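**Q** Have a look at this one before I ask anything.
The values are calculated or read from the model by the stated rules, or taken from the named source; none is laboratory data. Every value quoted in this text rests on a predicted model; they were computed, and no experiment measured them. Cβ sites come from the backbone with ideal geometry, for glycine too, and all protein chains shown count toward neighbours.
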Amino acid sequence: MSPTPLPHPSRRQLLHGGAAVGLALLATGCATPIGTAKARVVVVGGGWGGIGAARTLAESGQVEVTMLEPHPSFMSSPMSALYIAGLKPLSYLNHSYRNVDRTGVRRVRERATAIDRSARFVQTETQRLPYDYLVLSPGIEYMEESLPGYAEGRDRLPVGFRAFEHEAVRQQADAFLSQGGIYVMTVPRPPYRCPPAAYERACMLAEQMQRRRTRGKIVIVDANSDPTPAPTARSIVHAMETLYPNEIEYRRDLVPSRIDAARRVLSTPEGDINYTVANIIPPMRAPGLIRQAGLGERWASVHLPSFRSTADPLVYVIGDAQGSILPKSGHVAHGAGMQVAKEILGLVAGRPEPAPAPGTTVALPGGICWAKVNEKSAIMVNVSASMQIGQAARLSFEVDPQHNARSKQGSLEWAQLMWGTMLG
Ligand SMILES: Cc1cc2nc3c(=O)[nH]c(=O)nc-3n(C[C@H](O)[C@H](O)[C@H](O)COP(=O)(O)OP(=O)(O)OC[C@H]3O[C@@H](n4cnc5c(N)ncnc54)[C@H](O)[C@@H]3O)c2cc1C
């Protein structure tokens, strides 16, 4: 008998349960222009975290919000496996910022190139944006230097772990599915964005191999000894072994040493792999903007539960760029965005939430990741997070013991709910 799937969180729990909205927040003694012009908040990044912050701030009508985002629209990475496997069009992932604009967010289609924290402004190519509070949610960058040869072959090695990279990954997947051969995928050591997503992509492509009778295999070269995070390992390995014994070769504890994209060779300590298509998922870190602003090294250093930078009380870093133990998930990023917006609004109004007493337990933004393993089933990974003030944050996982149809349906509903909340 198959194990029973886990009950899914309710709509309310999804949006608010883990998001710690209303959390008693730490107060700062920073200067806010009360009674004069509206406070100015600059939000860098129009992804999962940035939208959560910008929209909540703008809907209050209490502050002036500028959101910097170079892309013309929002593109979701969650659910991108459905597009890459050919089951959904690109338009399924792509959403307009129209309704974000309607809330009063001033959206600037430019990239932040530098932050001057002492003069309190963000620099873009064409303008200087002064701020009273700054919210940073710029996502991640790839550590290309970790694999010799990667940078030289970058154009032939799309990753697909950032928005707007999915089309190139889909084209390569289509080429592999029609011609066959070896599709090699590398998985880095954590922390990186949505760890189950790598195995999800492999499974969804393996299903297409079966349908299209593709001759060849998908070789997963994993730097870890098991899929990560650890609580997901059994369910993911079970899905790969039972559904795709002939399509997926899973190689553990193997860190590639070099790639030659011109010759299509991935070198490893266990020998060379001659591939047809390579999907290298490099180790990740916060974008250079964070380091240049002195906010952290690999990741931005923040205080929890507030997400305030440890280097600057006027700066909040949320989403995947911050370096707490919270999962690098869109759901967590969005919840953190709403949370920091509420903290800023309290500070601007001169009514900061009182700091929680030492020893109090507070909820932190939690979230759900989905690993779809075929067109009909998925594994739900539900993470709740909390901390006792003065202690380290703690995570607790609920993972489906086996992939199931209910979680596949749950993943589709979750996506519609999240996209609707962010962009509807
Ligand atoms: C394949 C895949 C599947 C996933 N599945 C799930 C899932 O099931 N559930 C889940 O919760 N999460 C999932 N995730 C993770 C989720 O996508 C990320 O955790 C989320 O995008 C993080 O939000 P963010 O705001 O930190 O970054 P992003 O959403 O990446 O947003 C960052 C934005 O900042 C912009 N930006 C970057 N630099 C600058 C700059 N200098 N100036 C201005 N703008 C800038 C970028 O253009 C981008 O739009 C998945 C990820 C992948 C790759």
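**Q** I need every pair where a residue in the stretch 317-336 that is over 18 Å from Thr56 (Cβ atoms) has its Cβ under 7 Å from the Cβ of a residue that is among the acidic types (Asp, Glu) and near the ligand (Cβ under 9 Å from one of its atoms), sequence separation at least 6 or different chains.
**A** Within 7 Å, the pairs are Lys328/Asp320.
**Q** Looking at the stretch 37-55, which of its residues are assigned to a helix (DSSP H, G or I) and more than 14 Å from the ligand (Cβ to nearest atom)?
**A** Kept after step one, since they are assigned to a helix (DSSP H, G or I), are these residues of the stretch 37-55: 48-55.
Within the stretch 37-55, no residue meets the criteria.
**Q** Scanning the stretch 315-366 for residues that are within 13 Å of the ligand (Cβ to nearest atom) and assigned to a loop (DSSP other than H, G, I, E, B), which turns out surrounded by the fewest Cβ atoms within 10 Å (Cβ to Cβ)? Outline the logic, then answer.
**A** Taking the stretch 315-366 first, the residues within 13 Å of the ligand (Cβ to nearest atom) are 316-324, 326-338, 340, 365-366.
Those left that are additionally assigned to a loop (DSSP other than H, G, I, E, B): 318, 323-324, 326-329.
Numbers: Ile318: 32, Gly323: 21, Ser324: 23, Leu326: 27, Pro327: 27, Lys328: 24, Ser329: 25.
Going through the qualifying residues, I end up with Gly323.
**Q** Considering every residue within the stretch 46-59, establish whether at least one is surrounded by fewer than 16 Cβ atoms within 10 Å (Cβ to Cβ) and assigned by TED's automatic domain parsing to the domain that holds Gly350. Can you show your working first?
**A** Within the stretch 46-59, the subset surrounded by fewer than 16 Cβ atoms within 10 Å (Cβ to Cβ) is 59.
Checking the rest, the ones that are also assigned by TED's automatic domain parsing to the domain that holds Gly350 come to 59.
Yes - at least one qualifying residue is present in the stretch 46-59.
**Q** Check the stretch 370-377 and report whether any residue there is over 19 Å from Leu423 (Cβ atoms) and part of a helix (DSSP H, G or I).
**A** no
**Q** Next question, about the same structure. Which condition does Ser77 not pass, out of (1) surrounded by 21 or more Cβ atoms within 10 Å (Cβ to Cβ); (2) part of a loop (DSSP other than H, G, I, E, B); (3) touching a strand residue (DSSP E or B) at 6+ places or on another chain (Cβ under 8 Å), if it passes all the others?
**A** (3)
**Q** Being part of a loop (DSSP other than H, G, I, E, B), within 19 Å of the chain's Cα centre (by Cα) and within 17 Å of Arg154 (Cβ to Cβ) is the filter here, so list the residues in the stretch 255-314 that pass it.
**A** Ile281, Pro282, Pro283, Pro287
**Q** Counting only residues that are in contact (Cβ under 8 Å) with a residue 60 or more places away in the chain and not polar (S, T, N, Q), which one in the stretch 56-71 is farthest from the ligand (Cβ to nearest atom)?
**A** Restricting attention to the stretch 56-71, the residues satisfying the condition of being in contact (Cβ under 8 Å) with a residue 60 or more places away in the chain are 56-57, 60, 62-63, 66, 68, 71.
Among the residues that remain, those that are also not polar (S, T, N, Q) are: 57, 63, 68, 71.
Numbers: Leu57: 15, Val63: 19, Leu68: 4, His71: 5 Å.
Among residues in the stretch 56-71 that are in contact (Cβ under 8 Å) with a residue 60 or more places away in the chain and not polar (S, T, N, Q), the one farthest from the ligand (Cβ to nearest atom) is Val63.
**Q** Also, I was wondering about something else. Have a look at Ile259, Ile273, Ile280 and point out the one that is over 19 Å from Glu144 (Cβ atoms) and buried (at least 16 other Cβ atoms within 10 Å of the Cβ). Reasoning before the result, please.
**A** Details: Ile259 fails: over 19 Å from Glu144 (Cβ atoms); Ile280 fails: over 19 Å from Glu144 (Cβ atoms).
Exactly one of Ile259, Ile273, Ile280 is over 19 Å from Glu144 (Cβ atoms) and buried (at least 16 other Cβ atoms within 10 Å of the Cβ), namely Ile273.
**Q** Would you mention how many residues in the stretch 96-118 are within 22 Å of the chain's Cα centre (by Cα) and acidic (Asp, Glu)?
**A** 1
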